[in-house]
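The values are calculated or read from the model by the stated rules, or taken from the named source; none is laboratory data. Because the structure is predicted, anything quoted here is derived from the model rather than measured. No Cβ is skipped: glycine too gets one built from the backbone with ideal geometry, and neighbour counts run over all protein chains shown. Each accessible area value is taken on the protein alone, full model and side chains, heavy atoms only, with ligands, DNA and RNA left out. Shrake-Rupley method; radii C 1.70, N 1.55, O 1.52, S 1.80 Å.
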Amino acid sequence: MVKVCASTLGTDFSANKEIMEAAFRKIDVDQYDEDVLQESELYDTDPREPSQVLEEAKQRQVVVRTSLARNDIVGALSTVLENAPYGSNVDQAKNITLQTLLTILNTTKSTDIPSVIKLLSQDAQDTLMKYLYKGMAMPGWGDISGSVLLGWHEKLTEIAGTGCIVRAMTDRRLV
């Protein structure tokens with residue numbers, strides 16, 4: 001066995017060591033793995049074009065406003081939670097949908113929340129949970145406070161159970 005002292009290698013050794021340490025942190029080892037799981041393989045992509053998704057989000061925003069004007073909270077929530085935009089290249093549609101949903105949540109009385117949630121389908125409840133988590137992850141975004149989101153989260157968990165949380169957290173289709 002040969003032992004080499006670092007001092008005998010000179011400055012080249014220390015320079016190479018620094019380069020290797022920096023390069024080590026930047027190597028993408030997944031590029032060499034044939035069985036690596038790509039994000040596109042986790043869920044089916046939205047078949048709609050990004051422009052179509054954006055247009056639908058804008059149309060839903062108008063429908064939600066008219067539903068809110070008629071005090072139809074359940075109709076407004078069902079409309080916004082139906083066919084939620086997901087995937088890449090639809091960020092503007094996602095923001096419009098989130099903003100529309102936050103408007104609904106903000107205008108609903110806390111005493112009405114349980115009855116509204118009970119009238120939603122399980123899929124709509126799961127999608128609502130995804131939006132609640134997205135809203136909590138973006139503090140200060142839009143015109144809503146964290147207490148409103150936490151209130152909705154509490155009522156939704158009471159009615160839909162913890163399974164709703166698990167389904168929202170494990171679904172790869174991010175809203």
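This table checks each residue for (1) within 18 Å of residue 165 (Cα to Cα); (2) within 18 Å of the chain's Cα centre (by Cα); (3) open to solvent by less than 40 Å² (accessible area, probe 1.4 Å).
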| site | (1), (2), (3) |
| --- | --- |
| 77 | no, yes, yes |
| 109 | no, no, no |
| 112 | no, no, no |
| 126 | yes, yes, yes |
| 130 | yes, yes, yes |
Hits in the stretch 43-100 (condition: outside any helix (DSSP H, G or I), of a type in the set (A, V, I, L, M) and over 28 Å from residue 115 (Cβ atoms)) = 90
Among the candidates 172, 167, single out the residue that is in a helix (DSSP H, G or I), of a type in the set (D, E, K, R) and farther than 18 Å from residue 57 by Cβ.
-> 167
So, in the stretch 45-73, of the ones that are touching a residue at least 40 places away in the same chain (Cβ under 8 Å) and open to solvent by less than 40 Å² (accessible area, probe 1.4 Å), which residue ends up farthest from the chain's Cα centre (by Cα)?
-> 73
Flag if residue 87 is of a type in the set (Gly, Ala, Ser), at pLDDT below 95 and open to solvent by less than 30 Å² (accessible area, probe 1.4 Å) = yes
